[in-house]
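The values are calculated or read from the model by the stated rules, or taken from the named source; none is laboratory data. Remember, it's a predicted structure, so these values are computed and weren't measured experimentally. Neighbour counts run over all protein chains shown; Cβ positions are idealised from the backbone, glycine included. The accessibility values were calculated without ligands, DNA or RNA, using every heavy atom of the protein model including side chains. Shrake-Rupley method; radii C 1.70, N 1.55, O 1.52, S 1.80 Å.
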Amino acid sequence: MSVYETQGFKLDNSGKRVVVDPVTRIEGHMRVEVNLNDKNVITNAVSTGTMWRGLEVILKGRDPRDAWAFTERICGVCTGTHALTSVRAVEDALGIRIPENANSIRNIMQLNLQVHDHLVHFYHLHALDWVDVVSALKADPKATSELAQSISSWPLSSPGYFRDIQTRLKKFVESGQLGPFMNGYWGNPAYLLPPEANLMAVAHYLEALDFQKEIVKIHTIYGGKNPHPNWLVGGVPCAINVHDTGAVGAVNMERLNLVSSIIDRTIEFIDQVYIPDLLAIASFYKGWLHGGGLSGKSVMSYGDIPDKANDHSAKNLMLPRGAIINGDLSKVHEVDMRDPEQIQEFVTHSWFSYEDETKGLHPWDGVTEPNYQLGKNAKGSNTNIEQIDEAAKYSWIKAPRWRGHAMEVGPLARYIIGYAQNNPEFKEPVDMVLKKLDVPVTALFSTLGRTAARGLEASWAAHKMRYFQDKLMANIKAGDLSTANIDKWEPRTWPKEAKGVGFTEAPRGALGHWVRIKDGKIDNYQCVVPTTWNGSPRDPKGQIGAFEASLMNTPLARADQPLEILRTLHSFDPCLACSTH
Amino acid sequence: MSMQKMEAVYVYEAPLRLWHWVNALSITVLALTGYFIASPLPTQPGEASANFLMGYIRFAHFTAAYVFAIGFAARIYWAFAGNHHARQLFLLPVFNPQWWREVWFESRWYLFLEREPRKYVGHNPLAQLFMFVFVTWGSIFMIFTGFALYAEGEGRDGWHDNLFGWVIPLFGQSQDVHSWHHLGMWWILSFVIIHIYVAIREDIMSRQSIVSTMISGYRMFKDERK
Amino acid sequence: MSGIETFYDVMRRQGISRRSFLKFCSLTAAALGLEPAYAGKIAQAMETRPRTPVLWLHGLECTCCSESFIRSAHPLAKDVVLSMISLDYDDTIMTAAGHQAEAILDEITTKYKGNYILAVEGNPPLNQDGMSCIIGGKPFVEQLKRVAKDCKAIISWGSCASWGCVQAARPNPTQATPVHKVILDKPIIKVPGCPPIAEVMTAVITYMLTFDRIPELDRQGRPKMFYGQRIHDKCYRRPHFDAGQFVEEWDDEGARKGYCLYKVGCKGPTTYNACSTTRWNGGVSFPIQSGHGCIGCSEDGFWDKGSFYDRLTTVRPFGIEGNADQIGGTVAGVVGAAAAAHAAVSAIKRARHRNEEKSEEK
Ligand code: HEM
Ligand code: HEM
Ligand code: NFV
Ligand code: SF4
Ligand code: SF4
Ligand code: F3S
Ligand SMILES: [Mg+2]
């Protein structure tokens, strides 16, 4: 038993221990354990990344030009973002400059991922934390239609439409084969939506499932497929030919039109379905403002979406860069990914070993050496964990820190930083939402705030795709067809040794890859990933990570149903394959 | 096998000689076309439909491959039908200590450790060993890997696939078979370099006819010592 | 098992009339080359069978096979999940978590013993006591074996389950192991690809449900219907290959005209998959159409064959590493040099020998 304070939280692991393993509706494998006091309020939280593949080990000795394909397979949910980060890291190391068109296409692909990933997360991974599917059976289709029409002009909203959905749902439930909805927490008092809102959400769950596959076709056009489109060090692999013979074999007018029409339909769906649903659901939950965790204290983003090619300085990036610590929104700190004192990873509580585990390592000097073991107070055995000992090593996730601070990253972090920087693109939509829901700005620092920021960002990204597609067209019109720079394609043109860093704002937050190249081969490759930040275990000082912090002080309606735990964890959109890689 | 007599001996019968030169020719074509299959010539101008360069190169490869493979099969037949020299390519007298001693002797001869070369009616034992390892097994290897690759193009249910398709998973996957088939080329070419060099050298330095033997079939000896 | 919806119920509910249902059955029979009498049997099977439960387990993976699956346009993923199968366990989308989730496995494996399909995405690691992939506190390999025990058949989704994929690339630090090397006593259908094409995934499932049989597999356990030919066999750039017209460098004239990508490393000639015909994401494109070579993502061990941009890829005969021309060319070069040196020494020796003979004569 221990009690201590960190980051303003009082951790007490003396109460009843509740284990959730596997945590579902996330990417990959994760376990969480919490202690509850006699009022079923969480007093201690322990999150464990329960998978590891060793990509950093596997990358050693490989051709740096291939690295994007390996790192892309870190995750199929945020597909492409690791690949983009990787080609940027290699280009940074080798001093390769990419053509404007390649920059626009890459941005469109990255924004496309943001939209898609956020949409799928909201409806298919997160919605069931707010929406009671079984309650939808009790809804009045006519009232549902009225609700839908009151919040959006989306055409699929007739009483008949909702009645059909309800009938299908009813038959499905009556079949007795509940499939993915089996053993759900239906009827739990933490579900607050009226039946009509539930039915509308179920309808959109299905619609979004159908529509999401359209969004990604932009990846297919520029990258050949989705998931896991193709990338290229020095640019993009798809050549442009709009004027000449043979254009049918390249990105031509028909392809550009197809991209354009998908962008339009995407904007429509996000703005007419996702955003109204989000606001409608939020309006019923605005009294449930748990789960803030680190968001009101320490948040960080690297920035992304370079407007002009090859300029990665903060002023050229459309997503903000900076760090806020100790909740001081008046100061946004500069973040430097190259500074050995800023970003460091610790492994005291992770299943890895360092020579000196009291110190952190900057990723350029990072080490990945597995070391699976349980603490002496763990219950069960090495291959049958009943209870984790958080005083010892307990997760496959490393513990990254910025200047020693545990940070939250992600859409909410980006919106808070953009807000603090008074950037109207982020401030205005946030203020709009706060006003609509009639809540103070502090309401942002919550599970709900995280979920809302994600939706706003999806809309932002959808509109920015339009910006870059137009920019691409304008550049083509100005006569520039170039998509790749091959000056330094051949390894013989490279220096004997080089190092570089690539970064993006992945859907789940700040992502960085650090590479060292020696004799044309990868000498060291380290990834610090959004979910590495958010899912971080404790560090030598006992500081907890964002997941753990967010669960603190949350009451459970039913101690044997982890609905609120899932709700808050899902608000981060955890990706465990990413976090441990 | 050392010889003492000195008159001309009929060693290589006509079918064997014919095979030798057809085989040499087919391998030349196979190596050349194979190389350009792997590292194609610069891009051709014009419409695709007006060009067929890769197509022709591959066609030449496959035609030569059939010649090569059928020739090899015929050569196996000749091992039964022909004289005992015809069997040397397929049977090593590995249990004969005398043969090994001669391999040893020939090795010393090529390392300049023996002053006087010996005479042989058929292949010298070292040459026989080399041919067995490089040509006999090399050909089998190239035929199996080559036809396995060919079967991929012929389709999954044809006779090529039935006979040779199993080779692909044996190596892992198709790409591995390509690489090994390609390495096989260098294996055989390494032999050819040594073989041609030695044939010419022996013609000059040894005490019997060599190159002309593969043309006329007769072994002539240049002196009467044993 | 009353109260459980059958395939027929599902179709009826979708607004399909009895007449068109029976027509569907006879078309199915015809497509299979069966006598018309079989149509009745198919109809009967569909009328009486509940939806087949599918338990979808996840090991070491990137979840992109799931992502691909939900992109299916025909049938829609929604219809597969709600109407064709009963996806009772899939940690990526299921509502329940923790012990409520684990309880489902016990229930289904008992209730549908021998009648459920096990779908596996990812693979089990065997190093670190199997604990580099933990589910419910235990190694994933235990869950896999437990669920495999009473299943009807296993579908190995993607290159991870089929071959090992990226985590099994050298040096495979977790000893990630494909499913068929851990489960030896069940029929396994490999559907490789990183990820596989969505419509190929749903087609494999619907084939099994419709025809109630396992698709015909090739030597390596892949359905012949989708993995019987190479990308190259049906690639629309093939005329440029045959003509000898290649992309020589990125973004060159050949690239803008859509020439063959062979010289920049396309693995289409050695890759069995349906990409060049079925294409991706509703037929919009596929890797080659968008200008990048195939990287061979459905082939065994494709990560360890050298760079994706080299035509001649790395081999490791006897521990030496290089491509066939580097290794073979070096050997041949050394042999040639040795022959030349040998010739030189021979000439010198011969000259000296002559001199000796001459001096002896004197
Ligand atoms: C001495 C004999 C042979 C030599 C030196 C030879 C050489 C080669 C080489 C260097 C390649 C390119 C390999 C690569 O890197 O992809 C090749 C490809 C090939 N060879 Fe051979 N080969 C021989 C015999 C055969 C035989 C007997 C066949 C049987 C039909 C055959 C069929 C093929 C096929 C199908 C290919 C692949 C063609 C393609 O990918 O378009 N080869 N060969
Ligand atoms: C691709 C090229 C060649 C290959 C694969 C090859 C292979 C062989 C083989 C397998 C034999 C043994 C015949 C048997 O026992 O059935 C042989 C013998 C012979 N080859 Fe070649 N050969 C090639 C080219 C040449 C050339 C260019 C010459 C002439 C300079 C030559 C001269 C000879 C001679 C003289 C013999 C008889 C050796 C002896 O009497 O022991 N070969 N060759
Ligand atoms: N965490 C994470 Fe990712 C994201 N977004 C990667 O960088 O999800 Ni798979
Ligand atoms: S096969 Fe490829 S796409 Fe599928 S889970 Fe594995 S790494 Fe991801
Ligand atoms: S692009 Fe690839 S698959 Fe297509 S013809 Fe060329 S080598 Fe074959
Ligand atoms: S890389 Fe994979 S997606 Fe198809 S074209 Fe090649 S098999
Ligand atoms: Mg890392």
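Of note:
- Both the radius of gyration and Dmax for chain C are 28.0, 117 Å, in that order, over alpha-carbon atoms.
- Extended-chain gain in nm, criterion 0.36 nm per residue less alpha-carbon gap, A:Asp164 and A:Asn316: 49.8 nm
- Neighbours of C:Ile183, meaning other residues whose beta-carbon lies under 10 angstrom from its beta-carbon, give a summed charge of +3 when Lys and Arg score +1 and Asp and Glu score -1.
- Residue mean of other protein chain beta carbons inside 10 Å, C:262-269: 3
- Burial ranking of peptide ranges B:127-137, A:151-161 (average Cβ count within 10 Å, highest at the top): B:127-137, A:151-161
- Positive-end residue of B:Leu16, A:Asn257, A:Gln177, charge dipole of the protein assembly as shown with Cβ unit charges: B:Leu16
- Heavy-atom accessible surface that B and C bury in contact, both chains counted, 1.4 Å, Å² to 100: 4300
- About the Cα centre, charge dipole magnitude for segment A:50-148 (Lys/Arg +1, Asp/Glu -1 at Cβ), debye: 300
- Considering only alpha-carbon pairs that sit under 8 angstrom and 6 or more positions apart, the relative contact order computed for segment B:7-221 is 27 percent.
- Protein accessible area in segment B:7-221, 1.4 Å probe - carbon and sulfur %: 74
- Estimated FRET transfer efficiency (C:Ala153, B:Ser216; beta-carbon r; R0 56 Å; 0.05): 0.25
- Rel. contact order, % - alpha carbon contacts under 8 angstrom, at least six apart, chain A: 26
- Rounded to 5, percent antiparallel among DSSP beta bridges of the protein assembly as shown: 75
- Note on chain B: semi-axes of the ellipsoid equivalent to its C-alpha gyration tensor, largest first and rounded to whole Å, are 38, 19, 17.
- Accessible area of segment B:7-221 divided out per residue, in Å², using a probe of 1.4 angstrom: 48
- Taking 7 Å steps out from each Cα toward its Cβ at A:Ser150 and A:Ala478 produces label points 5.0 nm apart.
- Ranking A:Ser350, A:Phe269, A:Gly322 by Cα position along the charge dipole of segment A:216-368, where only Lys, Arg, Asp and Glu carry charges on their C-beta atoms, puts A:Phe269 farthest toward the positive end.
- Chain A - percent of accessible surface contributed by carbon and sulfur, probe 1.4 Å: 51
- Label-to-label distance for C:Ala103 and B:Glu224 is 10.8 nm, based on points extended 7 Å past Cα in the beta-carbon direction.
- Solvent exposure of segment C:78-142, expressed per residue, is 25 Å² of accessible area, with all protein chains present and a 1.4 angstrom probe.
- Chain A - accessible surface per residue (Å², probe 1.4 Å): 30
- Cβ-derived FRET efficiency at R0 35 Å, A:Asp523 paired with A:Asn382, nearest 0.05: 0.55
- Sequence-separation-based contact order of chain C, relative, with Cα cut under 8 Å and 6+ spacing, percent: 12
- Per-residue average of Cβ from other chains inside 10 Å of A:515-528: 0
- Under the span-like rule (Cα at least 27 Å along the axis, Kyte-Doolittle mean at least -1.0), DSSP H helices of chain C: C:324-361
- By the Kirkwood approach, averaging reciprocal distances over each pair of separate Cα atoms, the protein assembly as shown gets a hydrodynamic radius of 32.6 Å.
- Accessible surface of chain C [probe 1.4 Å, protein heavy atoms]: carbon and sulfur percent: 55
- Spin-label zone in segment C:299-317 - amide nitrogen under 18 Å from a point set 7 Å from the Cα of C:Leu217 along the C-beta vector: C:299-301
- Segment B:7-221, dipole about Cα centre (Lys/Arg Cβ +1, Asp/Glu Cβ -1), debye to the nearest 20: 660
- Assigned charges on the beta-carbon of Lys, Arg, Asp, Glu; segment C:138-213 dipole about Cα centre (debye): 260
- Note on C:98-109: average number of Cβ atoms from other chains within 10 Å of each residue's Cβ is 4.
- Between chain C and chain A, the total buried accessible area stands at approximately 8000 Å², from heavy atoms with a 1.4 Å probe.
- Placing pseudo-labels 7 Å out from each Cα toward the beta carbon at A:Asp356 and C:Val345 gives an inter-label distance of 5.7 nm.
- Net lengthening on full extension, A:Arg338/A:Asn422 (0.36 nm per residue, minus Cα-Cα): 27.6 nm
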